[in-house]
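Read-outs throughout are calculated quantities, based only on the coordinates presented, and are distinct from any laboratory measurement. These figures come from a predicted structure and were not determined experimentally. In this analysis, Cβ positions are derived from the backbone assuming ideal geometry, glycine residues included, and neighbour counts consider all displayed protein chains.
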């Protein structure tokens, strides 16, 4: 076993352990940290596969921006994991069934795509692009030629997810107190300020001074 194979097994073992701890960690902050470790190991595996562009994008985008944002959001929300894990075993059979179905679908797609004539032609085109301009050029040719429709579908799904997240965030909730901007603009001073006359608890300054002088004279 050479050095490259040893590093591959090392990064793969750490990646599997980190992925397992992401779904089993009780603390959400620890889960996010394990996810960052998993992404770093995945980028190392991509470096071994000579996919430098994907490795750098994974580190810059996910580790440098997205995961840091997730970490800050999880720390600020202070999630109650006990309430989230209340129905775990109740929904576990359905979740396990869905996971098995997804795994079988992925295996069917991956095994059916290998060894075909189209795959051989695509591999030849990729090798030619790598020889001419590197793997970044080859990735661009594949994304915008052979896989242009899956890329567009993935982009539409991401846009729909973003719009749904914004809609869920901006929905009106009964337990929040919001102020309408139109009501703030149309407000009048008479509606906000009320002058109430109250009886004086202390006499004015001249009267108080006169009373003090009278008291001193009586004492003398």
Discussion item. Can you give me the distance in nm between label points at residue 181 and residue 147, each placed 7 Å from the Cα along the Cα-to-Cβ direction?
Written reply: 4.2
Worksheet, complete the sentence: Simple SL model, points at 7 angstrom along Cα→Cβ for residue 48 and residue 154; separation in nm is 2.3
Discussion item. Counting other beta carbons within 10 Å of each residue's own, what order do 136, 5 fall into, fewest first?
Written reply: 5, 136
Item to complete: Would you mind ranking 30, 91 so that the residue whose beta carbon has the fewest other beta carbons within 10 Å leads the list?
Response: 91, 30
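Please report 149, 62 as a ranked list, fewest other C-beta atoms within 10 angstrom at the top and most at the bottom.
Fewest-to-most Cβ neighbours within 10 Å comes out as 149, 62.
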Fill in: Förster-model FRET efficiency, 22 Å R0, residue 12 and residue 61, C-beta, rounded to 0.05
0.50
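Dividing the Cα radius of gyration by the Kirkwood radius, what Rg/Rh value follows for the stretch 1-80?
Numbers: Rg = 14.0 Å, Rh = 13.3 Å.
Value, to two decimals: 1.05.
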